[in-house]
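Single-structure report; data block below.
The values are calculated or read from the model by the stated rules, or taken from the named source; none is laboratory data. Given the structure is predicted, the values throughout are model-derived calculations rather than measurements. Because the Cβ atoms are built from the backbone with ideal geometry, glycine has one as well, and the counts that use them run over all protein chains shown.
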């Protein structure tokens, strides 16, 4: 945020005095944040907080002090802790960012709730749906603001597609939403070892870790899902969980959604983790296409395909979506607005995720909530 004001507007005070007053106002409306976790993905969180002017990140915590110190040096964070309860007590922050494994979330969040500290928490939210539901209920009972760090819907192409759908550029009735994703990081004997080795031992992998993002994006773009039919496979025999999913969704508004994705086969793009795939959305007046490089096109019926210009950049993670997610969290805290991915809303995404696994097990379509 710039604090410089053109001199034409300075009718009641000199420029230095007014700019000083604005800086004081910004300081008064800033939030003190702390973070827990210094693993691979945390770097995108710390980068995002560093770039939000209304946030001061005063401390971070991790069991591995050396890793925590390295992160602190890189992102200019003043204090390092190995005990998160001590950090919460001493720092007394406005919020805590939880970037730790799912099994730790309930205990960490409860500590924050007990201290009346707002929480933004990474997904997967918990090891099971029942534990995720219990965590959300606890957050509600505590009266503390709670948001899930579900960042795919904040990728710039998904935000732009949502605007185009709201403007009905391809009509007022959607026919099909089709996603194809090939990540290419899960083949061979060394799959996942260089970045997230624990993936190899997870009994549920693709849908639990990655497919849930697509479910949330589908809900964000089209609406609520009524039923799902899914086929899951393990293509790499050296891992325990599924690494491939074919999911067919039926939406309440009549749209059909298909997600065809796996982590085994490779994309033909230099960075398959930029958009995480290609998308085709068809309506009664045309179609929208998302390409793997972030390009968006619109093709009205009877017209040639044309590129739609919008801003996106290869910064941070997947179009800088962590930064955008965190900015949304801060804006909603400061303006007392609801989070898009609040706990109750995210449980809807997780109910679809559970239905995917039930469908694959039964080899039958499953109604959501059944």
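For the condition part of a helix (DSSP H, G or I) and either assigned by TED's automatic domain parsing to the domain that holds residue 281 or at positive phi (or both), residue 177 does not qualify.
Per-residue answers, yes or no, for (1) within 22 Å of the chain's Cα centre (by Cα); (2) surrounded by fewer than 17 Cβ atoms within 10 Å (Cβ to Cβ); (3) free of Cβ contacts under 8 Å to residues at least 60 places away in the same chain; (4) assigned to a loop (DSSP other than H, G, I, E, B):
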site	(1), (2), (3), (4)
214	yes, no, no, no
219	yes, no, no, no
227	no, no, no, no
230	no, no, no, no
235	no, yes, yes, yes
238	no, yes, yes, yes
247	yes, no, no, no
253	no, yes, no, yes
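Regarding segment 67-90, can at least one residue be identified that is touching a strand residue (DSSP E or B) at 6+ places or on another chain (Cβ under 8 Å) and either modelled with pLDDT under 95 or closer than 22 Å to residue 336 by Cβ (or both)? The answer is no; no qualifying residue exists.
Look at (1) within 22 Å of residue 98 (Cβ to Cβ); (2) modelled with pLDDT under 95 and you find that residue 185 fails only one, number (1). Would you say residue 186 is out of contact with any helix residue (DSSP H, G or I) (no Cβ under 9 Å at 6 or more places or on another chain), outside any helix (DSSP H, G or I) and either in contact (Cβ under 8 Å) with a residue 60 or more places away in the chain or over 30 Å from residue 287 (Cβ atoms) (or both)? No: the conditions fail for residue 186.
Residues that are more than 25 Å from the chain's Cα centre (by Cα) number at least 1 in the following helices (runs of 4 or more DSSP H) confined to segment 41-110: 65-75, 84-91. For segment 353-370, the set of residues classified as in a loop (DSSP other than H, G, I, E, B) and modelled with pLDDT of 95 or more consists of 363, 364, 365, listed by residue number. Has segment 154-167 got at least one residue that is in contact with a helix residue (DSSP H, G or I) (Cβ under 9 Å, 6 or more places away or on another chain), part of a strand (DSSP E or B) and crowded, with 21+ Cβ neighbours inside 10 Å? Checked segment 154-167: no residue is in contact with a helix residue (DSSP H, G or I) (Cβ under 9 Å, 6 or more places away or on another chain), part of a strand (DSSP E or B) and crowded, with 21+ Cβ neighbours inside 10 Å.
Scanning segment 324-333 turns up no residue that is at pLDDT 95 or above and farther than 16 Å from residue 149 by Cβ. For segment 138-156, the candidate set comprises residues that are over 18 Å from the mean Cα position of the chain (by Cα) and touching a residue at least 40 places away in the same chain (Cβ under 8 Å); within that set, the residue that is farthest from residue 111 (Cα to Cα) is 140. If the condition is being more than 30 Å from residue 296 (Cα to Cα), surrounded by 22 or more Cβ atoms within 10 Å (Cβ to Cβ) and in contact with a strand residue (DSSP E or B) (Cβ under 6 Å, 6 or more places away or on another chain), then segment 126-153 contributes 139, 146.
The condition (being assigned by TED's automatic domain parsing to the domain that holds residue 172, buried (at least 17 other Cβ atoms within 10 Å of the Cβ), touching a residue at least 12 places away in the same chain (Cβ under 8 Å) and farther than 30 Å from residue 198 by Cα) is satisfied by just one residue among 282, 242, 278: 282. Checking residue 326 against (1) under 16 Å from the mean Cα position of the chain (by Cα); (2) surrounded by fewer than 16 Cβ atoms within 10 Å (Cβ to Cβ), which single condition isn't satisfied? For residue 326, the failing item is (2).
Return yes when residue 115 is within 30 Å of residue 267 (Cα to Cα) and either touching a residue at least 60 places away in the same chain (Cβ under 8 Å) or not assigned by TED's automatic domain parsing to the domain that holds residue 297 (or both) and no when it is not. When the stated conditions are applied, residue 115 does not pass them.
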